[in-house]
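These notes concern the structure reproduced below.
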Amino acid sequence: MKILKISLLSVIALALVFSFAFAAGNMEKGKALFNDPKFAGGTASCASCHPDGKGLEKSAMKKEWKNPAGMWMSIEDAINVCIIMANKGKAIDPKSEEMKDIVAYIKSLESKKK
């Protein structure tokens, strides 16, 4: 019985680890979206204003994000405002895979600056 409990707990722990890994988004896909001018139906890429992520290196550590349109309480909201205003695209679902991928790429810029 003890072995069964340990096995079950191990499976649950492994499942949680994998779910967090997949929920975090794919940095490479996020980088591709970041550089795609047609992302979200837009006309300019994120990289048009932020070549190689310039200016976003500390974004992963912030609790508030400021852009020309105002102050935002989530990185997803700040990204959507940029998509709408700068890229002339349509906001994407904050819980979508695309958003998770873009956020993963932006968060990866923190380690890039070191």
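Would it be correct to say that I106 is part of a helix (DSSP H, G or I), under 21 Å from A24 (Cβ atoms) and of a type in the set (A, V, I, L, M, F, W, C)?
yes
Residue-level analysis places E76 outside the set of residues that are surrounded by fewer than 19 Cβ atoms within 10 Å (Cβ to Cβ), among the acidic types (D, E) and out of contact with any Gly (no Cβ under 7 Å at 6 or more places or on another chain). For segment 37-91, a residue qualifies if it is assigned to a loop (DSSP other than H, G, I, E, B), more than 17 Å from K107 (Cβ to Cβ) and modelled with pLDDT of 90 or more, and the qualifying residues are P37, K38, G42, T43, A44, S45, N87, K88, G89, K90, A91. Summed over segment 57-71, the residues that are within 22 Å of T43 (Cβ to Cβ) and either among the charged types (D, E, K, R) or touching a Phe, Trp or Tyr at 6+ places or on another chain (Cβ under 9 Å) (or both) give a count of 0. Note on segment 79-114: residues that are crowded, with 19+ Cβ neighbours inside 10 Å, polar (S, T, N, Q) and farther than 15 Å from P37 by Cβ amount to 1.
The values are calculated or read from the model by the stated rules, or taken from the named source; none is laboratory data. All figures in this text were calculated on a predicted structure; none of them were measured in a lab. So basically every Cβ, Gly included, is an ideal-geometry build from the backbone, and we count neighbours across all protein chains shown.
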